[in-house]
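Reviewing the structure listed below.
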Amino acid sequence: MMNTSEYIATGKNHFAPTYAQLPLIIAKGEGCQVTDTEGNSYLDFVAGIAVNALGYGHEGLKSALSEVLETGVTHTSNLYWNTYAIEAAKNLTKLSGLEKVFFCNSGAEANEAALKLARKYGHAKKGADANKIISMKNSFHGRTYGAVTATGQQKYHKNFAPMMPDITYADFNDLESVAAKIDKRTCAILIEPVQGEGGIKPAELSFLKGVRDLCDQHDILLIFDEVQCGMGRIGTPFAFQQFDVRPDAVSLAKGLGAGVPVGALVIGNKAAQTFAPGDHASTFGGNYLAGAAAAYMTSKLQESDFLAHINESADYLKSALLQLATTYPNLINEVRGMGLMMGIELSIAIGPVIEGCFDGGLLLVGAGAHVIRFVPPLIVEKVDIDKAMAILDSVLKDC
Ligand SMILES: Cc1ncc(COP(=O)(O)O)c(C=O)c1O
């Protein structure tokens, strides 16, 4: 058995160097608290980057997954039906009011499905050159070629040219900019209702409503990327429900499986019949384990107590952050976000603050260059928020 530093050295030897990990191996967890292999405890406001929605050691999720393991079957492929994915799909359509679900394994793949859906829809409605997709500047949609092309940030494209053709970028929250990009070849507009990696920036209500109208006028699909902001993260099962703007398709992942990798594209009636057998597929998509996790998570999202808890904790976190911003007006430029997806924009480098919090026992992650992000498990309690704020306060005091 290797010790922690031997494991990390071995990881460095054998992993493709795509990440710059902190020297931490989480060994176990309960609620919002994790313990590393050295016995140190941390309060986790990263939650596996907005994934571990139910925190750690959640009894309900544990039994849903154990039930699958007990059967001896974790995967069968989509050559056959599986009851877990069927339950999850039923829950997702009930929660969203949309019609159909395609399961995959990640956020990027959910967006790939969305891009393919958009082009097939465009071809059917407007002809074979109706390929054009408009996404937003500063957006983030994942790392596969379609998703990274849709990502409106140059830094993610560098060294990987050529990108996918016919994706253009409009200014987020600027309706004129979107309208100016639309032409007869446009088949879809892709938007994160709350930009995540781009710095925790919520869309304006009038912007989303305006884009919805444009899509209706021009027969364009409106696709929301709710990979980060969906599944209860901002206080409603789907993020679009906060804005009361119905998209034609929504991509999901992260919180959907509460820690088990699963993604989904939920499709509304306009494009519900667009995909035909053979158009798109995933070997693993919605397999027994993933399906059971998604079925469990989507059943939780039907509990009003759970949603009330998220909203109460969100209000508490927001006031705590605003309070901190009043204490440190020279360090904190802005507090923004929705629900349990909050960010503080700092006037100083975020790296040392995140490191200071790490040393103090609080896990945090950035979102873009100047923003520290707060995406704790949705089961976070006020005491957890108090503890997190105390650690952050003590770090900011020294800045
Ligand atoms: C809004 C959004 N879309 C897509 C993705 C990509 O998800 P994944 O890493 O599961 O492919 C992310 C990941 O951070 C995201 O925040």
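Within the stretch 366-397, being β-branched (Val, Ile, Thr) and crowded, with 18+ Cβ neighbours inside 10 Å holds for VAL371, ILE372, VAL375, ILE379, VAL380, ILE385, ILE391, VAL395. Against the numbered list (1) within 16 Å of the ligand (Cβ to nearest atom); (2) on the phi > 0 side of the Ramachandran plot, ASN159 comes up short only at (1).
Would you be able to say whether some residue in the stretch 101-117 is in a loop (DSSP other than H, G, I, E, B) and either touching a Gly at 6+ places or on another chain (Cβ under 9 Å) or more than 16 Å from the ligand (Cβ to nearest atom) (or both)? Within the stretch 101-117 (the criterion being in a loop (DSSP other than H, G, I, E, B) and either touching a Gly at 6+ places or on another chain (Cβ under 9 Å) or more than 16 Å from the ligand (Cβ to nearest atom) (or both)), the answer is yes, since at least one residue qualifies. Checking each residue in the stretch 204-230 for being away from the ligand (no atom under 12 Å from the Cβ), under 28 Å from PHE374 (Cβ atoms) and assigned to a loop (DSSP other than H, G, I, E, B) picks out only GLU204. Considering the stretch 1-85, the qualifying strands (runs of 3 or more DSSP E), each wholly inside and each with 3 or more residues that are under 30 Å from VAL380 (Cα atoms) and touching a Phe, Trp or Tyr at 6+ places or on another chain (Cβ under 9 Å), run over 26-30, 33-36.
Check the stretch 202-221 and report whether any residue there is under 11 Å from the mean Cα position of the chain (by Cα) and acidic (Asp, Glu). Looking for residues that are under 11 Å from the mean Cα position of the chain (by Cα) and acidic (Asp, Glu), one finds none in the stretch 202-221, hence no. For the stretch 190-203, a tally of residues being under 16 Å from ALA118 (Cβ atoms) and assigned to a loop (DSSP other than H, G, I, E, B) returns 1. Regarding VAL260, is this residue within 16 Å of the ligand (Cβ to nearest atom), closer than 15 Å to ALA88 by Cβ and not assigned by TED's automatic domain parsing to the domain that holds ARG373? Judged against the criteria, VAL260 is a match.
Results for (1) out of contact with any Ser or Thr (no Cβ under 9 Å at 6 or more places or on another chain); (2) in the same structural domain as GLY285 (by TED's automatic domain parsing); (3) basic (Lys, Arg), shown as yes or no for each residue.
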{"position": "GLU112", "(1), (2), (3)": "no, yes, no"}
{"position": "GLY122", "(1), (2), (3)": "no, yes, no"}
{"position": "ASP129", "(1), (2), (3)": "yes, yes, no"}
{"position": "LYS132", "(1), (2), (3)": "no, yes, yes"}
{"position": "SER139", "(1), (2), (3)": "no, yes, no"}
{"position": "GLY142", "(1), (2), (3)": "no, yes, no"}
{"position": "TYR145", "(1), (2), (3)": "yes, yes, no"}
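Residue pairs whose Cβ atoms lie under 7 Å apart, separated by 6 or more positions or on different chains, with the first residue in the stretch 41-58 and farther than 19 Å from LEU301 by Cα and the second part of a helix (DSSP H, G or I) and among the aliphatic types (A, V, I, L, M), are LEU43/ALA388; PHE45/ALA388.
Taking the criterion of being touching a residue at least 60 places away in the same chain (Cβ under 8 Å), surrounded by fewer than 23 Cβ atoms within 10 Å (Cβ to Cβ) and under 20 Å from LYS132 (Cα atoms), would at least one residue in the stretch 232-248 satisfy it? Checked the stretch 232-248: no residue is touching a residue at least 60 places away in the same chain (Cβ under 8 Å), surrounded by fewer than 23 Cβ atoms within 10 Å (Cβ to Cβ) and under 20 Å from LYS132 (Cα atoms). TYR84 meets each of the listed conditions (1) surrounded by fewer than 17 Cβ atoms within 10 Å (Cβ to Cβ); (2) more than 17 Å from the chain's Cα centre (by Cα) apart from (1). For PHE140, the requirement of being touching a residue at least 12 places away in the same chain (Cβ under 8 Å), closer than 22 Å to VAL178 by Cβ, within 15 Å of the ligand (Cβ to nearest atom) and of a type in the set (Phe, Trp, Tyr) is met.
As a summary of the residue check, GLY368 satisfies the conditions (1) closer than 25 Å to LEU205 by Cβ; (2) under 20 Å from the mean Cα position of the chain (by Cα); (3) modelled with pLDDT of 95 or more except for the one numbered (3).
In the stretch 123-137, what count of residues is obtained for those that are in a loop (DSSP other than H, G, I, E, B) and under 20 Å from SER251 (Cβ atoms)?
Result for the stretch 123-137: 1.
Exactly one residue out of ALA293, ALA281, ALA320 is out of contact with any Lys or Arg (no Cβ under 7 Å at 6 or more places or on another chain), within 16 Å of the ligand (Cβ to nearest atom) and over 15 Å from LYS94 (Cβ atoms), and it is ALA293. The set of residues in the stretch 143-173 being assigned to a loop (DSSP other than H, G, I, E, B) and among the charged types (D, E, K, R) consists of ARG143, LYS158, ASP166, ASP171.
So that you can scan it fast, the table gives a plain yes or no per residue for (1) in a helix (DSSP H, G or I); (2) touching a His at 6+ places or on another chain (Cβ under 6 Å); (3) acidic (Asp, Glu):
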residue	(1), (2), (3)
THR283	no, no, no
GLY286	no, no, no
LEU289	yes, no, no
GLU312	yes, no, yes
ASP315	yes, no, yes
LEU324	yes, no, no
VAL335	no, no, no
GLY368	no, no, no
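The values are calculated or read from the model by the stated rules, or taken from the named source; none is laboratory data. Quick caveat, the model's predicted, so the values are computed rather than measured. Every residue, glycine as well, gets a Cβ built from its backbone with ideal geometry; the counts of neighbours run over all protein chains shown.
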